[in-house]
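The values are calculated or read from the model by the stated rules, or taken from the named source; none is laboratory data. All values derive from a computational prediction rather than experimental measurement. Cβ: placed from backbone, ideal geometry, glycine included. Neighbour counts: every protein chain shown.
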Amino acid sequence: MNLIKTKMRIKKFARFSLKPLAPLIDKISPGNNFAIFHLGRCGSAVLGQLLKQHPQIYWGSELYSPIFKKWQDNNNGEEKIENMPDDALKILRDDMLMALHRQYGYSIKPFHFSLISYSLESYLNHLDSLNYSRFVVLDRNNRLRKIVSSMIMHQYQIGHIEKKSRPKKKKVSINLNSIKIDFDNKPLIEYLIDYDKQFKSLRKALSARDVIYLTYENDIEVDPKKAYRKICNFLNLNPLPVKVKFSKTNPFALKEMIENFAEVEEALCNTPYEWMLYK
């Protein structure tokens, strides 16, 4: 049995042993729990890997993604998720038990809410009752690069590369009318418009809560530890030394990665997203 499987079994046993305490999590949690909202392909993995190294943080990672994958596996790869077998808040409470005396943090994407049958507002209200007092919004200004990165990940099955590895250039062709990302499929321009709407909704929903806004370009791209330090300070934690283990997966110019660049360039010409082609 390899080390990864052994760790997974130990974690599963620990979670099972603590499960009777789940209904009391709002009373035994130390508070100052936090959630990170992001779109994916924005540095969330490297940031999570840094937060995981802090002894006063239990990092639950992207909590719901394994549940969605399990659902797909049990339903012959079905793209549309319906009637999720597990309650999202129960999954969260069970995982929070693993934190014990530490601050618990995890990440969630805006599109997850429709899959777990919660509205953003109702979900946030439940988080309030579970002692979530801090929220982080991690954006990527160049959402076109996020889309291309997502396409490369799905097409080539390359999510992240180790720090010492050299990235290899991968190319994709963008179908302007139909792009599949995660559990969605829609035109390029609709993704860009919807991302704007999602972050606008997040800002409105979090306006009365304690929140910090980060971007990939300003806080992660050059030095991921910058975002790590900001979050630690936000959580009133000492930002202890950590090691970056991941490197950029797609550092190349979009013109080098998009096979039909001229077609995409024409489609985005004179739109608010045109600048993204050249950054």
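Taking the stated definitions as given, is Ile231 free of Cβ contacts under 8 Å to residues at least 60 places away in the same chain, surrounded by 12 or more Cβ atoms within 10 Å (Cβ to Cβ), more than 26 Å from Lys69 (Cα to Cα) and of a type outside the set (Lys, Arg)?
Numbers: free of Cβ contacts under 8 Å to residues at least 60 places away in the same chain: no; surrounded by 12 or more Cβ atoms within 10 Å (Cβ to Cβ): yes; more than 26 Å from Lys69 (Cα to Cα): yes; of a type outside the set (Lys, Arg): yes.
No, not satisfied.
Tell me which residues, restricted to segment 117-136, are closer than 19 Å to Lys197 by Cβ and assigned to a loop (DSSP other than H, G, I, E, B). Spell out how you get there, then give the answer.
Within segment 117-136, the first condition is being closer than 19 Å to Lys197 by Cβ, and the residues that meet it are 118-124, 135.
Matches in segment 117-136: Tyr118, Ser119.
Which residue pairs have Cβ atoms under 6 Å apart, sit 6 or more places apart or on different chains, and have a first residue in segment 142-153 that is under 10 Å from Val172 (Cβ atoms) and a second that is buried (at least 23 other Cβ atoms within 10 Å of the Cβ)? Once the first residue is under 10 Å from Val172 (Cβ atoms) and sits in segment 142-153, its partners that are buried (at least 23 other Cβ atoms within 10 Å of the Cβ) give Ser149/Arg41; Ser150/Arg41. If we scan segment 100-122, do we find a residue that is in contact with a helix residue (DSSP H, G or I) (Cβ under 6 Å, 6 or more places away or on another chain), of a type in the set (Phe, Trp, Tyr), buried (at least 17 other Cβ atoms within 10 Å of the Cβ) and free of Cβ contacts under 8 Å to residues at least 12 places away in the same chain? Yes, the conditions are met somewhere in segment 100-122. Exactly one residue among Asp194, Asp94 is buried (at least 17 other Cβ atoms within 10 Å of the Cβ) and of a type in the set (Asp, Glu), and that residue is Asp94.
Yes or no, residue by residue, for (1) under 18 Å from Tyr191 (Cβ atoms); (2) not β-branched (Val, Ile, Thr):
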position	(1), (2)
Asn131	no, yes
Val136	no, no
Asn142	yes, yes
His160	no, yes
Lys169	no, yes
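Inside segment 238-253, can you point out the residues that are assigned to a loop (DSSP other than H, G, I, E, B) and either more than 22 Å from the chain's Cα centre (by Cα) or under 23 Å from Gln155 (Cα atoms) (or both)? Those that are assigned to a loop (DSSP other than H, G, I, E, B) and either more than 22 Å from the chain's Cα centre (by Cα) or under 23 Å from Gln155 (Cα atoms) (or both): Asn238, Leu240, Pro241, Lys248, Thr249, Asn250, Pro251, Phe252, Ala253.
Residues in segment 219-237 that are assigned to a helix (DSSP H, G or I) and either over 29 Å from Tyr123 (Cα atoms) or more than 17 Å from the chain's Cα centre (by Cα) (or both): Lys225, Lys226, Arg229, Lys230, Cys232, Asn233, Phe234. Contact annotation: residue pairs with Cβ atoms under 7 Å, 6 or more positions apart or on different chains, pairing a residue in segment 264-279 that is under 15 Å from Val148 (Cα atoms) and assigned to a loop (DSSP other than H, G, I, E, B) with a partner that is modelled with pLDDT of 95 or more and not hydroxyl-bearing (Ser, Thr, Tyr), are Tyr273/Leu144; Tyr273/Leu192; Lys279/Asn142.
Condition (residue is within 19 Å of Ala267 (Cα to Cα) and either of a type outside the set (Ser, Thr, Tyr) or part of a strand (DSSP E or B) (or both)) applied to segment 152-170: is it met by at least one residue? Let's see the steps before the verdict.
Initially, segment 152-170 is screened for residues within 19 Å of Ala267 (Cα to Cα), giving none.
Scanning segment 152-170 turns up no residue that is within 19 Å of Ala267 (Cα to Cα) and either of a type outside the set (Ser, Thr, Tyr) or part of a strand (DSSP E or B) (or both).
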